[in-house]
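FYI, it's all coordinate maths here, none of it is from the lab. Keep in mind the model is a prediction, meaning the values are calculated, not measured. With ideal geometry, Cβ positions are generated from the backbone for all residues, glycine too; neighbour counts draw on all protein chains shown.
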Amino acid sequence: LFGGPRVVAPDGRITERFPTQKTAALLAYLALHPNRPHSRELLAERFWPDRDPARSRNSLSSVLSALRGTLGEALV
């Protein structure tokens, strides 16, 4: 309805496309809940509740890696 997430890096680079919807959803979740710790277990359970814990943690690692690759220093 309102479009997807949009990240504007300090150098002005704009990112609007993400590898997967989960990648964009995780970024949006973290942006909406700043300045609080997020354990990997909590994030894995929140985004992949139907998977066993080991698979959900692997999925989380993949999505975090995709975010780092997409945003680079802008993620910090």
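Could you give the dipole magnitude of the chain about its Cα centre, charging the beta-carbon of Lys and Arg +1 and that of Asp and Glu -1, in debye to the nearest 20? Before the final figure, lay out the partial values.
On the way: 11 positive and 7 negative charges, 10 e Å.
The calculated dipole for the chain is roughly 40 debye.
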(message) Please give me the summed charge of the neighbours of residue 13: other residues whose Cβ is under 13 Å from its Cβ, Lys and Arg +1, Asp and Glu -1.
(response) -1
